[in-house]
1. Please say if chain A is rounded, prolate or oblate, where rounded means a/c under 1.5 for a ≥ b ≥ c the square roots of the C-alpha gyration tensor eigenvalues, and otherwise the choice is prolate for a/b larger than b/c and oblate otherwise?
2. Assign unit charges at the C-beta atoms only (+1 for Lys and Arg, -1 for Asp and Glu), then state the dipole size of the stretch A:94-173 relative to its Cα centre in Debye, rounded to the nearest 20.
3. Can you check what the net charge comes to around A:PRO150, using other residues whose Cβ is under 10 Å from the Cβ of A:PRO150 (Lys, Arg +1; Asp, Glu -1)?
4. Taking a cut-off of 21 Å between Cα atoms, list the lysines near A:LYS23, but don't count ones fewer than 8 places away on the same chain.
5. Contact order normalised by length for chain A, with contacts defined as Cα pairs under 8 Å and 6 or more residues apart; what percent is it?
6. Hey, how many Å between the Cα centroid of the stretch A:209-273 and the Cα centroid of the stretch A:110-159?
7. Using unit Cβ charges (K, R positive; D, E negative) and no other charged atoms, how large, in debye to the nearest 20, is the dipole of the stretch A:2-267 about its Cα centre?
8. What does the charge count around A:ALA175 come to, taking other residues whose C-beta lies under 15 Å from its C-beta (Lys +1, Arg +1, Asp -1, Glu -1)?
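Readers should treat all values here as calculations from the given coordinates under stated rules, not as data from a laboratory. Owing to the predicted nature of the structure, the values given are computational and were not obtained by experimental measurement. As a convention, Cβ positions derive from the backbone with ideal geometry for all residues, glycine included, and neighbour counts pool all protein chains shown.
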Amino acid sequence: MRIATWNVNSVRARTARVVDWLKRTGTDVLAMQEIKCRPEQFPSEPFRAAGYELAVHGLDQWNGVAFASRLPLEDQRIGFEGMPGYAKPGGEPRPEARALGVVVEGIELWSLYVPNGRALGDPHFAYKLDWLAALDAATRHRLAQQPGLPLALMGDWNVAPREEDMGDPSFVPGASTHVSPQERAAFQAILDGGLVDVVRPYAPTGYTFWDYKNLRFPRNEGMRIDFILGSQAFAEQVVDGRIDRAERKGDAPSDHVPVLVDLDPELGGAEGYDEDDDRPMIF
DNA sequence: ATGCCTAATACGATTAGA
């Protein structure tokens, strides 16, 4: 089974590119972020014509997460337990379309779009840290419920966890988002909860994002911020991983590229998803 | 060439991204 994650930066602006990529790579399940539309605006027909069914969560023109799959999508969940909303200054917190969970062949998959943070000290930065802490807590709770669950958190984490993951000189250590100690600690806490980066062993170097501005791609001044983190029962099924850097080339690319893993379900010894799961479908 | 930002919306100037 081939599973991938891709911040597509508007699915309507890149429909042909995404569908062509799915067909060309034979990807079975794609988690998308920043679809930038509501479900009724999603370009469903080209995906369905290519043999993919969809799960879409979008509230407005911002954010938005989705799955395209040629295997059956089960048990969709909007958001996770305790997911905070964003409160604009002076406003009430509102949940944003940043998390969508599905189950495919007994594997629980999440498409996640971690808040950007904007700037150290910005309210959005505190929101980002809260969001990551809540995700950590929800994931620990989930894996405590089902220790053998094959689970993957896939998406745009907006954190460059290691020094070698930040190649954009406009991000200054100590003064920028994505590389702050707080963000890196929040990311590490999720790893400490029992998840592993299942791509890094197969793709030890490389970026997944290059800003559109300032010749970042030709200069290869990118960042590695898109990750697939798997539980132990997921990780033991992974037989390959890749960053598809070539997708940053050509006409009208997303500023992010796809990140993929291949699974061999024969290697999975876990019991899989619990059919009697009684969690709510919307958090 | 991989080339000096891009997308959605209120369809112009603003917001957001990282």
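1. On the way: a/c = 1.25, a/b = 1.11, b/c = 1.12.
Because its axes are fairly even, with a/c under 1.5, chain A counts as rounded.
2. On the way: 7 positive and 11 negative charges, 65 e Å.
I would put it at about 320 debye.
3. Values: positive: none; negative: A:GLU105, A:GLU108, A:GLU236, A:GLU271.
Within the 10 Å Cβ shell, the charges total -4.
4. Filter leaves A:LYS249.
5. Values: 657 pairs, mean separation 55.4, N = 283.
Answer for chain A is 20 percent.
6. One Cα centre to the other: 17 Å.
7. Values: 29 positive and 37 negative charges, 146 e Å.
Approximately 700 debye in magnitude.
8. On the way: positive: A:ARG118, A:ARG184; negative: A:ASP122, A:ASP168, A:GLU183.
Summing Lys/Arg as +1 and Asp/Glu as -1 gives -1.
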